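The block underneath contains the structure these notes are about, expressed in structure tokens.
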Amino acid sequence: MKKEMWAIFGGSLLLYVVIVLLIAVGPAIDLARTPPGPGVKPLTPLEEEGRQVFASDGCDYCHTLQVRPLPEDKVFGRPSAPGDFAYATPEMLGSERTGPDLTDVGNRRGEVWQYMHLYDPRAVSPGSIMPNFKFMFHEVKAVPAGVAAVPLPPAFAPKNGDKVIPTQRAEALVAFLMSLKQPAIPGYAMNGGMGGQAVASAPAAAPAASAAGGYAYDAAKGKTGFDTTCAACHQANGEGVPTAFPPLKGNAAVGDDDPTTQLDTILHGRQGTVIGGVKYSGVMPPFAGQLNDEDIANIANYERSSWGNHAKPVTPAEVAKLRAAGK
Amino acid sequence: MAVTVQDLSRTGPTPIRGEQDDHELSSIFKAYTVSATFWLIFGTAVGLLLAFKFGAPDFWAGKYLTFGRLRPIHTNDVFYGWASIALVGTAYYVTVRSCGTKLYSTALAWAGLWLFNIAAIAGTIALDLGYNWGDLEYREWPWPIRLVFLAALIVTVWNILATIARRESQDIYLSNWYIVGGLLWTCIICLVAVLPWYQYGLGQVTISGYFMHNAVGMWFTPLALGLFYYAIPKVLNRPIYSYALGVLAFWTNLVFYPMLGAHHFLFSPLPWWLQTTAIICSVGMLVPVLGGGANYLLTMRGRYHGRIESYPLAFLFVGVLCYVFGSMQGTVEALRSLQAIWHFTSFTVGHSHFTMYGFVTFAAWGGIYALLPLATGKRPGQLGMAVHFWLATTGVAIYVISLSIGGTIQGLDWVHGKPFIQSVVDMEPYYLWRGVGGILMFLSHLVFVWNVWRMTAGKPGDAPSPIMQSEEAGA
């Protein structure tokens, strides 16, 4: 009777431990070693202190610190790459966006704005439901030398005419918020920003339809398809994001008259290959389940004819063949 | 008085009479329930204040009452204070009774209760003082406090295993599989979450994805399911529909559930294979969920009218339904195309209340109403249970529906590229309705306090025996 007890409880415990090692601890050990991306630097002591404030006052419950490769996330910056998190411990990717993502907020908002906003979010952002953080400020009669008071619209300033100055807590927090800038990567134009979105630079005229088995390349569909599904990572200008997402402009696979590599990658995804001498840290997701053969042919042809690329067009039949070959 | 599976399949888990014979067990069950009830009231009072702050962000905005400090206090207290303590209390009762024996050690059970409470009190204070371990969901308590919680688990599993080893029967009733499984797995979960060596950058993100979901599905789910397997047949006075289906659900849950955590990080920079495995396992979860759900519902077959007279059964019934539908909702949410809309919206908050409240909390209530009167010999009032049931059910329905609709609108606003503040403004009415639901839920908890009082120290009420007449007798 002891035997059954050991079989059930011991067996289920052992099975669980094996699963946990395989899907949690193992990958974690591996991923903890992800090297920092270019321009990703450790925080200064003051910024680090601000990060602690961010955690202890729970900003993370309303704000995320991760940008997904989805069109709707473009306003927050480029998609986050693994190397971005090398120094982000404890991780604060977050799970809810009651407020906007803050990954790149340092590039969007200035220091003074941050102080005003923390003191009273409604002073700068009507309709906001973010709590005020007045407890991070002192209200004083006279501003000490060398300290800048927070400028506030009269309706939001203390009624008794006191001036508002930040505490150490607020200074550290704002230093951290100002450090939240996705590293500027040379050759990469940020197309996010809360303001307008930079319009994707339209490529030079696409070649005329190359008829093949009743299929005619639809340049407009190719461009829309690319801009909505691929540009988040490869960028509308085809230049990618250095070390994270490879450029398709001048790319060997895209320029190759044999489309196997290009189509196979789009259909089945890819990760960790060396492209033009560089190993990219991002993931290329598979699109076979999402796009039909014609969509893929249009997108592939758009890539093959844009940004100075000139390669032989592909047909949906070729896509279908590789799709059937599967992986 | 050996109880074997053969007996169980004939008569249900245990004999009906003579349940007040074990005073030690009864006082332990009482103490766990009372202590859990305290955390329920405290944790949900904080929750209500949080809901209010969505409409009045400047209300009580001081350092110790700021939104970001109270939110983890709410989640951790209802998790580790209310649901954990309540379910461990019922687990003790279920194990001892289904093994037809005495508890191995009363002292260990009391020690466990102290440890659970010390952890919850220290955790609450730490979070309010701003000692938050990086906003990592459900493991915000500083690590020494989480070790106290782990100690409570170890004490409990030791006690329960030793009790099972004492049983006279050959077989181990299914409830105990789930209870012991839940306790053992959760020890591993707590350990993995505390060890520091791989918790850097993306490595820690992996652990967060693993932890937040396993802490729910490998802890609360098995404990609540174990309770279902005992309480439902007990109340209905008939055996569980299929023992084998229960066994199948046990193993499939064990294989699929642990892997689905990363679905909280779809589209994050975690490796694509990890995200995909999570999606596949979320779909695989349909096997244990539908298997388990069908088993409970088939056990109740033909006795649905009984739900109206028997409130313990009504609570258990809602718990089963929310288990099935809440889990299926989780599966659907995990699909990439839908995640793109719902992820990061209030929809997720609706989902977690659907499951943690509609399923886990209703299961705990059903279990307490079904079993505590047997232990103490004191029943609550029928009206008290009715008011509790209808307030809580209406409240959680309003809560979940409003956040599901609101969350969808919020997500679509983002997809349509509206300015962010639009999504904040559009959520206002839904936040308000969420608050209305929350008020009803909280009121129901006050009624629950009254009912617990009558089942323990106070004057007993008029409710009929939680155990329904068996068909033979009824026919």
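The values are calculated or read from the model by the stated rules, or taken from the named source; none is laboratory data. The model shown is predicted, which means the values in this text are computed figures rather than measured ones. Cβ: placed from backbone, ideal geometry, glycine included. Neighbour counts: every protein chain shown. Accessible surface areas use protein heavy atoms only, side chains included; no ligands, DNA or RNA. Shrake-Rupley method; radii C 1.70, N 1.55, O 1.52, S 1.80 Å.
The figures follow:
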| quantity | calculated |
| --- | --- |
| C-alpha center-to-center spacing [the stretch A:64-139, the stretch B:382-439] in angstrom | 24 |
| Number of Lys pairs (Cα under 25 Å; 8 or more positions apart or on different chains) in the stretch A:203-325 | 9 |
| Point-charge dipole on Cβ atoms (K/R +1, D/E -1) for the protein assembly as shown, about Cα centre, debye to 20 | 1120 |
| Environment charge of A:Pro259, counting only residues whose C-beta is closer than 13 Å and scoring Lys/Arg +1, Asp/Glu -1 | -3 |
| Most positive-pole-ward Cα, B:Ser402, B:Val180, B:Thr44, against dipole of chain B from beta carbon charges | B:Val180 |
| Cβ-Cβ FRET estimate between A:Asp256 and B:Leu412, R0 fixed at 35 Å, reported to 0.05 | 0.30 |
| Buried area at the A-B interface (accessible, heavy atoms, 1.4 Å probe, summed, Å²) | 6700 |
| Contour excess over end-to-end distance, with Cα ends at B:Ser27 and B:Val332 and 0.36 nm allotted per residue | 105.5 nm |
| Spin-label model distance (nm) - A:Met5 vs B:Leu290, 7 Å beyond Cα toward Cβ | 3.7 |
| Peptide B:57-65 - average C-beta neighbours from other chains (10 Å radius) | 4 |
| Shielding of A:266-272 by partner chains, average beta-carbon count, 10 Å | 1 |
| GNM flexibility winner over chain A from A:Thr64, A:Thr273, A:Thr243 (Cα, springs under 10 Å) | A:Thr273 |
| Near-label residues of the stretch B:446-464 by backbone N, under 17 Å of a point 7 Å along Cα→Cβ of B:Ala386 | B:447-448, B:451, B:461-464 |
| Principal-axis tilt of helix B:84-98 within chain B, Cα atoms, nearest 10 degrees | 20 |
| Farthest positive-ward along the stretch B:14-127 dipole, Cα basis, beta-carbon charges - from B:Ser35, B:Thr106, B:Thr124 | B:Thr124 |
| Net charge contributed by nearby residues that have their C-beta within less than 13 Å of B:Ala119 (K/R +1, D/E -1) | 0 |
| Rounded to whole Å, sorted largest first: equivalent-ellipsoid semi-axes of chain B, Cα gyration tensor | 35, 24, 23 |
| Accessible area (Å², 1.4 Å probe, nearest 10) - B:Thr75 | 20 |
| Under 22 Å, Cα to Cα: Lys pairs in the stretch A:45-179, sequence gap 8 or more or different chains | 4 |
| The protein assembly as shown: equivalent-ellipsoid semi-axes (sqrt of 5 x gyration tensor eigenvalues, Cα, Å) | 50, 34, 23 |
| Rough spin-label spacing in nm, given labels placed 7 Å along Cα→Cβ, for B:Glu168 and B:Ser242 | 3.3 |
| Candidates A:Phe156, A:Phe76, A:Phe137: whichever shows maximal mean-square fluctuation once chain A is modelled as a Gaussian network with Cα springs under 10 Å | A:Phe156 |
| Rounded to the nearest 20 debye, dipole of chain B from Cβ charges on Lys, Arg, Asp, Glu | 380 |
| Ranked packing of A:26-39, B:145-158, most packed first, by mean Cβ within 10 Å | B:145-158, A:26-39 |
| Among A:Asn237, A:Ala253, A:Leu267 - extreme Cα towards positive end, dipole of the protein assembly as shown, charges at beta-carbon | A:Leu267 |
| Angle between chain B longest axis and helix B:420-455 axis [Cα atoms, degrees, rounded to 10] | 20 |
| Long-range amide H partners of A:Asp101 with built H, under 5 Å | A:Thr64 |
| Simple spin-label estimate for A:Ala220 and B:Leu49 in nanometres, 7 Å along Cα-Cβ | 5.8 |
| Shielding of A:60-67 by partner chains, average beta-carbon count, 10 Å | 5 |
